[in-house]
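Values quoted throughout were computed directly from the atomic coordinates according to the rules given, and no laboratory measurement underlies them. For clarity, every value in this text was computed on a predicted model and none was experimentally measured. Because the Cβ atoms are built from the backbone with ideal geometry, glycine has one as well, and the counts that use them run over all protein chains shown.
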Amino acid sequence: MFREFLVKLCRALGHRVIAETDSGREAIELARTLRPEVLLLDLRLPDLDGADVAETLRIEAPLIKILALSAYSDDFVFQRLERCGVQGFVDKRCQSLHMLDEALGALAGGR
C-alpha cells in the first residue's frame, strides 16, 4: 500500500516513475537495465537491506542518484548511507510530502 501511494504521489508531483518493486534484488536488476536518473529506495526491504542495494548500485551504476527513505534515522543509519554513497535521505516519520518532492527535484537537478 505504501509503495502504491508513493508511486501515485510521485506522479501527481510531476515525477516520472519508470519502475517499482518491493524487492532489493529486483531493484538492482531494474536499475541495471533501466538506468534511472534517481532511485527512491526504502531501506527496509523483505529480501535485502536497502543500504546493500545502494552499495551494489554505487559500483554497478554510479551515475544513478539514490534518495533513501526510512523511518529509522539514527547516527548508524546516516553513517552507513554516507559510506554507501547515497545522495539524500527522507525520514518517513517526520518529513513532509513537500520535503520528498524537494529532495527528488534536487537530486534530479544535480544537487
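Estimated from the Cβ-Cβ distance and a Förster radius of 25 angstrom, the FRET efficiency linking R25 and F78 is about 0.50.
Starting from the Cα gyration tensor of the chain, take the square roots of the eigenvalues, sort them a ≥ b ≥ c, and report rounded, prolate or oblate (rounded when a/c is under 1.5, otherwise prolate if a/b is larger than b/c, else oblate). It comes out rounded by the Cα gyration axes. In this structure the amide hydrogen of S73, modeled in the peptide plane, comes within under 5 Å of no amide hydrogen from residues 5 or more places off or on another chain.
Considering only A12, I66, G50, and ranking their Cα positions along the charge dipole of the chain that arises from unit charges at the beta-carbon of Lys, Arg, Asp and Glu, the one farthest toward the positive end is A12. Separation between the L48 and C94 pseudo-spin-labels, each 7 Å from Cα along Cα→Cβ, expressed in nm? My value for the distance between the label points is 3.0 nm. Based on C-alpha pairs under 8 angstrom that are at least 6 apart in sequence, the chain has a relative contact order of 22 percent. Once the Kirkwood radius over Cα pairs is known for the stretch 29-89, the Stokes-Einstein relation at 37 °C and 0.692 mPa s delivers a diffusion coefficient of 285 µm²/s. In order along the stretch 65-72, the Karplus-derived 3J(HN,Hα) couplings, from 6.51 cos²θ - 1.76 cosθ + 1.60 at θ = phi - 60°, round to 8, 10, 10, 7, 10, 7, 8, 9 Hz, and Gly and Pro are given as x.
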